[in-house]
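Worksheet: one structure, shown below.
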Amino acid sequence: MQVKNFNHVPVLFEECLKGLNIQPDGIYVDGTLGGAGHSKEIAKRISAKGLLLGIDRDEEAICVAKERLKEFPNVKLIQDNHDRVKQILEELEIPKVDGILLDLGVSSYQLDEKNRGFSYMADSLLDMRMDTSSGITAQDVVNNYQEEKLANIIYEYGEEKFSRRIAKNICEYRKSKMIKTTLELVDIIEKSVPRKGDGHPAKRTFQAIRIEVNDEIKPLYKTILDSIDVLKSGGRLCVITFHSLEDRAVKNAFIQAEGRCTCPPGLPYCSCGCQSLGRIITKRPILPTSEEMKENTRSRSAKLRIFEKI
C-alpha cells in the first residue's frame, strides 16, 4: 500500500519524550503510532539492544511508519489495537517494558484524508473506522441506531447540547433516504444547530460518532491499568488525551493505580487493603504552550498525564 502524504504533527512532543525518561537499552511501546512522529525520536534515543514496538489499528499508518522508520533495525510494527497491549506483549513473549506512549484520538492524517469520512469539511462516504478492515461504520450508526441511543451518544461523546434535535432530524431524514455521505450528515446537523462563532456546528457530532465507531472510551480505563501492569519498575506511561471523557478515564485509572488509602484519618494502620502500583508524576496534566497552540490548533485540547511504576 502506498500513501502519498501522511502528515501528523506530534502534540506535546518534547514533554512526552522527557516524560518517558528513555533509557538506551529499554523497551518502549508507541501504542498510537500514527505518522511515527513520536516513534522516530524514541527510536533515535535507544541503542541496538533496545526495542521500539509500534502499534496502530490503521493499515495506512503502519505502511507509512515502516518507510519512515526503515533506518532503525530495532523497531517492530504491529497492526492492532492498543487496548490489547497486554495480550500483544504476551504473544511476543515480552514480560515487561520500560515505557508506553498513548496519543489518543484521531490523527491529523485521518482528519485530512477525504475518503475516510472523518472530516465534516469534505464529501465522502461515512466510514470513520480507524481499522478499515472490520467493525461498524459511521453509516451504520446514523442509519441503524434508535433515536434515543443516537442522541445519548452525541450528547455524551460530543458534549453537544442540541443532541436530541440532531438525533430526531437524522431519524426523520433516514425515513425517506439512507444517509451515505459526510455532507448529507453535515446538512442535517447544520439545520439542527444554531450557527455560532465557536467552530463548525458538525464538529461535536462527528467526534461523537467517531468515538462510537472506534469504541474509544469504554475500554480505556482497563487499557490504562493493563499498560501500568506491564511496566517494569521505574517504567513510565505517558497518555495524551483530547476529550474530557478520555481524560477522566485516564485520571481515575491513575488514581486507582496509585492506590490512595481510604481509611479514616488518625487510624494507626491501613485497613482498606490499599496497594500502590506506583506514583502519578503529573498531579495536574501538562498542557501545550501558547506557542504550540498557535502553530498546531489541534493541540488546544490536549492534556498529558504521566504515571511511574514502582
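The values are calculated or read from the model by the stated rules, or taken from the named source; none is laboratory data. Only a predicted model underlies this, so the values are computations on that prediction, with no experimental measurement involved. For neighbour counting, all protein chains shown are included, and Cβ atoms are generated from backbone atoms with ideal geometry for every residue, glycine included.
Annotations
- Residue match in segment 200-213 (condition: surrounded by fewer than 18 Cβ atoms within 10 Å (Cβ to Cβ), closer than 27 Å to residue 90 by Cβ and either in contact with a Ser or Thr (Cβ under 6 Å, 6 or more places away or on another chain) or not aromatic (Phe, Trp, Tyr) (or both)): no
- Checking residue 101 against (1) at pLDDT below 95; (2) of a type in the set (A, V, I, L, M); (3) within 14 Å of the chain's Cα centre (by Cα), the condition it does not meet: (1)
- Single unsatisfied condition, residue 84 versus (1) modelled with pLDDT of 95 or more; (2) of a type in the set (Lys, Arg); (3) surrounded by fewer than 16 Cβ atoms within 10 Å (Cβ to Cβ): (3)
- Matching residues in segment 188-213 - criterion: being at pLDDT 95 or above, among the polar types (S, T, N, Q) and within 21 Å of residue 244 (Cβ to Cβ): 205
Results for (1) in contact with a strand residue (DSSP E or B) (Cβ under 8 Å, 6 or more places away or on another chain); (2) under 30 Å from residue 278 (Cα atoms); (3) at pLDDT 95 or above; (4) surrounded by 22 or more Cβ atoms within 10 Å (Cβ to Cβ), shown as yes or no for each residue.
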{"position": "109", "(1), (2), (3), (4)": "no, no, no, no"}
{"position": "116", "(1), (2), (3), (4)": "no, no, no, yes"}
{"position": "120", "(1), (2), (3), (4)": "no, no, no, no"}
{"position": "145", "(1), (2), (3), (4)": "no, no, yes, no"}
{"position": "159", "(1), (2), (3), (4)": "no, no, no, no"}
{"position": "163", "(1), (2), (3), (4)": "no, no, yes, yes"}
{"position": "170", "(1), (2), (3), (4)": "no, no, yes, yes"}
{"position": "186", "(1), (2), (3), (4)": "no, no, yes, no"}
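- Yes/no for residue 116 being free of Cβ contacts under 8 Å to residues at least 24 places away in the same chain and under 18 Å from the mean Cα position of the chain (by Cα): yes
- Tally, over segment 211-248, of residues that are touching a His at 6+ places or on another chain (Cβ under 9 Å) and among the basic types (Lys, Arg): 0
- Selection within segment 87-107 - surrounded by 15 or more Cβ atoms within 10 Å (Cβ to Cβ) and among the charged types (D, E, K, R): 98, 103
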